[in-house]
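Worksheet: the structure to be examined is printed underneath.
The values are calculated or read from the model by the stated rules, or taken from the named source; none is laboratory data. Just so it is clear, the structure is predicted and the values come from calculations on it, not from any experiment. Using ideal geometry, Cβ is built from the backbone for each residue, glycine included, and neighbour counts are taken over all protein chains shown. Side chains are part of the model used for accessible areas, which takes the heavy atoms of the whole protein and leaves out ligands, DNA and RNA. Shrake-Rupley method; radii C 1.70, N 1.55, O 1.52, S 1.80 Å.
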Amino acid sequence: MDNFYPLKKVADIYGDPNLKFTIQDLESQNKIPSSRKYRSGAIFRKGWPTGLLPQIGEEVGYFKKFEKSTSVCVFTTKGGVLKSTLALNLARTAALHGQRVCVVGLDIQGDVTTSLGYDSEVDDGEDLGELIQRLDQTKGLCDYFSGEATLEDVIVQVGLPNLFIIPETPELVALNDSLNNINRREFWLKERVIDPLKEHFDLVIMDCSPNWNKLTTNALVACDALISPLECKINNFRNFRVFSHFLKEFKDEMRLDFESIFVPTKYSSNKKLSNDILNWYYANVEGCTTIGIKESVSAEEAMALNLSIAEHASGKPIAKDTIELFKQIHKAIEKSHSRRSNQSESLKHQARVMGGIANSNLGNLGASLGHGV
């Protein structure tokens, strides 16, 4: 059954309680769907079902479509740092703003597939044999790689009418190994999956394994931006120094120019070490957001309910922090698009200038030859 959201909660999801007046005006002008009556306990209220929220978000939200289709990789070389939580929240945030979103699951653990609700219909009373047979029918990237399924076959809709996923399957291990046997193995995901998806989706999100494997390399090659969680604990603090070194070497070697966005996670204002690490990230990590995701029961509950934090805990401080975080991420990606667009125009201008000089030189040479004759 679809969840319903009253006017105040809808305004909170999109980051501003005062938006309720704008939403009412848009409703009266028939620019958004009309609210509906729904039962809440013993009384009836008015609100909107989840499936209609994207039409409201497209009008009033803060996470607008980028100037061009965008691919994002969510990755770091450590597990348990809210990587899939970030992927889930980014996916639902963009989808709730009317964007067509496709998540590509690349982690054998399948956390993002589960958190988006794809395999949440498993019934404890179901027969094991029937369950295995049903799960085995799930098509994934390995089936597409082997030619046993088309790209359309492996894309499924989850949770919202404009939110889709290519679910993780156990065969991802075999796919990772199979990439060794093809030419341009670092570019398979970009050329065969992500670029085709970008023709139909506004945002493509790749949720990677915490292991830097061949699928991860493919995801980094295919992305416009990397979002990497920075856990505010000593193990991840030490891990980051190594990770950032290898990331820089990889970008230089592959001549990649994706934007790197680092997000502090699991920090606690009550712990001195956590605060010290957080402040070190702020002071020393280029591309670090000024807000992240704190240790929070609400964040865990939202994940279990297949919802974003803003949906589950709307109006609470953790939701407001998350909204501000995604505003910063949106701005960083927009800035990256603008920078690369300017670089492209500059290169085109240089090519035109050099072409003009070459043509002029050829003209002078021709004139000299003609004069000599």
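Cross-link partners of K190 among lysines, defined as those whose alpha carbon lies under 19 angstrom from its own and excluding same-chain residues fewer than eight positions apart: K68, K198, K214, K251. Surface composition of the chain: carbon plus sulfur atoms contribute 50% of the solvent-accessible area (1.4 Å probe, protein chains only, all chains present).
The simple spin-label model puts a point 7 Å past each Cα toward its Cβ; for Q24 and V297 those points are separated by 3.5 nm.
With pairing defined as another cysteine C-beta under 4.7 Å, the cysteines of the chain that fail it are C102, C142, C208, C232, C288.
Using the Cβ-Cβ distance between R340 and R39 with R0 = 56 Å, the FRET efficiency computed as 1/(1 + (r/R0)^6) comes to roughly 0.65. Build a GNM of the chain with springs between Cα atoms under 10 Å apart, and of D276, D252, D111 the one that fluctuates most is D252.
When you filter the GluC sites (Glu not before Pro) in the range 182-243 for DSSP loop state and at most 15 other Cβ atoms inside 10 Å of their Cβ, you are left with E199. In a DSSP loop and with at most 11 other Cβ atoms within 10 Å, the trypsin sites (Lys or Arg not before Pro) in the range 42-112 are K68. Compute the FRET efficiency between F246 and Q137 as 1/(1 + (r/R0)^6), taking r as their Cβ-Cβ distance and R0 = 41 Å, and round to the nearest 0.05. Result of the calculation: an efficiency of 0.60.
Sparsely packed loop sites in the range 215-287 (the trypsin sites (Lys or Arg not before Pro) outside DSSP H, G, I, E and B with at most 10 other Cβ atoms within 10 Å) comprise R255.
What 222 nm value per residue comes from the helices of the chain, counting each DSSP H run with n ≥ 4 as -39,500 (n - 2.57) and dividing by all residues, nearest 500 deg cm²/dmol? Dividing the helical sum by the residues of the chain leaves -15000 deg cm²/dmol. Using the Cα gyration tensor of the chain, with a ≥ b ≥ c the square roots of its eigenvalues, what is the shape: rounded (a/c below 1.5), prolate (a/b larger than b/c) or oblate (neither)? Here the chain falls in the prolate category.
Length gained on full extension, L305 to D276, computed as 0.36 nm times the residue gap minus the Cα-Cα distance: 7.2 nm. Within the chain, antiparallel bridges make up roughly 25 percent of the DSSP beta bridges whose residues both belong there. Each residue, R255 and E59, gets one label point 7 Å from its Cα in the Cβ direction; the gap between the two is 4.8 nm. For the chain, modelled as a GNM whose springs connect Cα atoms under 10 angstrom apart, the maximal fluctuation among D25, D321, D202 occurs at D25.
Per residue, the chain exposes an accessible area of 51 Å² to a 1.4 Å probe, with every protein chain left in place. Applying 0.36 nm per residue to the separation of K327 and S146 and subtracting their alpha-carbon distance, the gain on full extension is 61.2 nm.
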